[in-house]
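Scroll down for the structure; my scribbles are underneath it.
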Amino acid sequence: MIQTYNKNYTYPIPQNYFLFSRHMETVVSGIRSTGKLHLGNYYGAITNFLEMQNQYRCFFFIADLHSLTTHPTPHDLQSNVRQVLVEYLAAGIDPEKATIYIQSDVIEVAELYLYLNMNAYLGELERATSFKDKVRANPDNINAGLLTYPVLMAADILLHKATKVPVGKDQEQHLEMARTFGNRFNRLYKQEYFPEPYAYNHGKQLVKIPGLDGKGKMGKSEGEANAVYLSDDAETIRKKVMKAVTDSGPTEPNQTKPDYIQNLFDIMKVVSPEDTLQHFENLYNRCEIRYGDFKKQLAADMISATAEVRERIHAISADDAYIRKVVEQGAEKAHESARSTLKDVRELIGIRKF
Ligand code: TRP
């Protein structure tokens, strides 16, 4: 499924890229540049991206401007952007099929953000759940960028006139705001210019990977030990899995599994062969399961399921020239789309042009 990384290959921009792709639906998704990817991201979001890049005109970008709301140090900002880029490429995002770029490289988005801000109202921005959550979590840093985060996100999407946005439930409200801002622009300038973007999952249900702490989904905010990262080495994965909470085992045949055990089985369902899963299900149901063995097997299967991606992360990360090439090419393709939108938008608004 994953195309092998070949550092000597120059990815061509198809000559008529934007001619033929204009008739395809456009997908835009922003990737938060908060560092390493874990298995939850991989089986959840990324496998979806891999399917979409074959069918749609896709723009995947690293949202470095959004991350400025929390004031990262220049060093952290740069290394996180690089890490995320490397890991998406390693996971199989193909710069020949999809446009992968860094948000700040296509600075037209800031101009569109400015225009959209003129029609975004304080009341609606203050009502956004994400804003209220952030105010509660960081009362000392309630900056205007945080307030207008949904406007920048709308600009990201409208910049390419996207209709499909692969995001999780927590982003639904932002998408609704993007539709509002786009429609308001259309009404104000009496043009059906921006199409309506909707949340989109590629046909199948998103796979949810639970965390190792037995409490919920895999995520980095829940603590290092809860998440297994694509870049973790085999030993680290083994240690994390062996530390996962278990108990003294089932006491009755076919007993319902407690959450923390069910979670481990759910991970096994994704990374292990069917007969391995069945084997441990049977042992559990007969009250013969030994959690030590179970976790050893789970760790081994997690390691082999991610081995290929891990190797590619190391190879790509060591190849500055390749990374630069991908970034330049992505910026160029995204620019072409952004330039044409901004040209129209300026004209619709009546920005002086003489
Ligand atoms: N807000 C999104 C998140 O937190 C990231 C994002 C920024 C995004 N701009 C976007 C997602 C545009 C989709 C489209 O995950």
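No lab work stands behind these numbers, since they all come straight from the coordinates. Note that the coordinates shown come from a computational prediction; the quantities given were computed from them, not determined experimentally. Cβ atoms come from the backbone with ideal geometry, glycine included; neighbour counts cover every protein chain shown.
For Ile62, the residues whose modelled amide H falls within less than 5 Å of its own, excluding neighbours fewer than 5 places apart on the same chain, are Ile31, Tyr101, Ile102, Gln103. Using the Cβ-Cβ distance between Asp344 and Glu224 with R0 set to 45 Å, the FRET efficiency works out to roughly 0.45. Extension gain for Gln173-Asn119 works out to 17.7 nm (0.36 nm per residue, less the C-alpha to C-alpha distance). Net charge dipole, the range 204-283: roughly 260 debye, given to the nearest 20, about the Cα centre with Cβ charges of +1 for Lys and Arg and -1 for Asp and Glu.
Taken over the range 118-212, the ratio of Cα radius of gyration to 2.2 N^0.38 Å equals 1.22.
Reducing the range 208-269 and the range 41-60 to their Cα centroids gives an inter-centroid distance of 26 Å. Over 30 Å apart at the Cα level, from the set Lys161/Lys325; Lys240/Lys333; Lys208/Lys239, are Lys240/Lys333.
Rounded to 0.05, the FRET efficiency of the Glu96 and Thr73 pair, given R0 = 22 Å and the Cβ-Cβ distance, is 0.05.
Converting phi to 3J(HN,Hα) with the Karplus coefficients 6.51, -1.76 and 1.60 and the offset θ = phi - 60°, the range 148-161 yields 9, 3, x, 6, 5, 5, 4, 4, 4, 7, 5, 3, 10, 6 Hz in sequence order, with x at every glycine or proline. Comparing Gln297, Gln53, Gln278 in a Gaussian network model of the chain, where Cα atoms under 10 Å apart are tied by springs, the biggest mean-square fluctuation is seen for Gln278.
Rounded to the nearest Hz, the phi-derived 3J(HN,Hα) couplings of the range 224-240 under the Karplus curve 6.51 cos²θ - 1.76 cosθ + 1.60 (θ = phi - 60°) are 3, 6, 6, 10, 9, 8, 4, 8, 5, 7, 4, 5, 5, 4, 4, 4, 5, where x marks glycine and proline. The radius of gyration of the Cα set in the chain, together with its Dmax, comes out at 22.5, 82 angstrom. Placing unit charges on the Cβ atoms of the charged side chains and taking the dipole of the range 102-147 about its Cα centre, the candidate lying farthest along the positive direction among Tyr121, Pro139, Val109 is Pro139. About the Cα centre, and with charges only on the beta carbon of Lys, Arg (+1) and Asp, Glu (-1), how big is the dipole of the range 289-346? Nearest 20 debye, please. Around 200 debye, computed over the range 289-346. Extending 7 Å from Cα along the Cβ direction at Asp140 and again at Tyr193 yields two label points whose distance is 4.2 nm.
For Asn183 and Ala315, the difference between the fully extended length at 0.36 nm per residue and the C-alpha to C-alpha distance is 43.0 nm.
Dipole size of the chain about its Cα centre, with +1 on Lys/Arg Cβ and -1 on Asp/Glu Cβ: approximately 680 debye, rounded to the nearest 20. With N the number of residues in the range 209-260, Rg(Cα) / (2.2 N^0.38 Å) evaluates to 1.29. Considering only Ala155, Ala244, Ala338, the Gaussian network model of the chain with Cα springs below 10 Å gives its largest mean-square fluctuation to Ala244.
Taking the chain as a Gaussian network of alpha-carbon nodes connected by springs under 10 Å, the highest mean-square fluctuation of the residues Tyr149, Tyr189, Tyr113 belongs to Tyr189.
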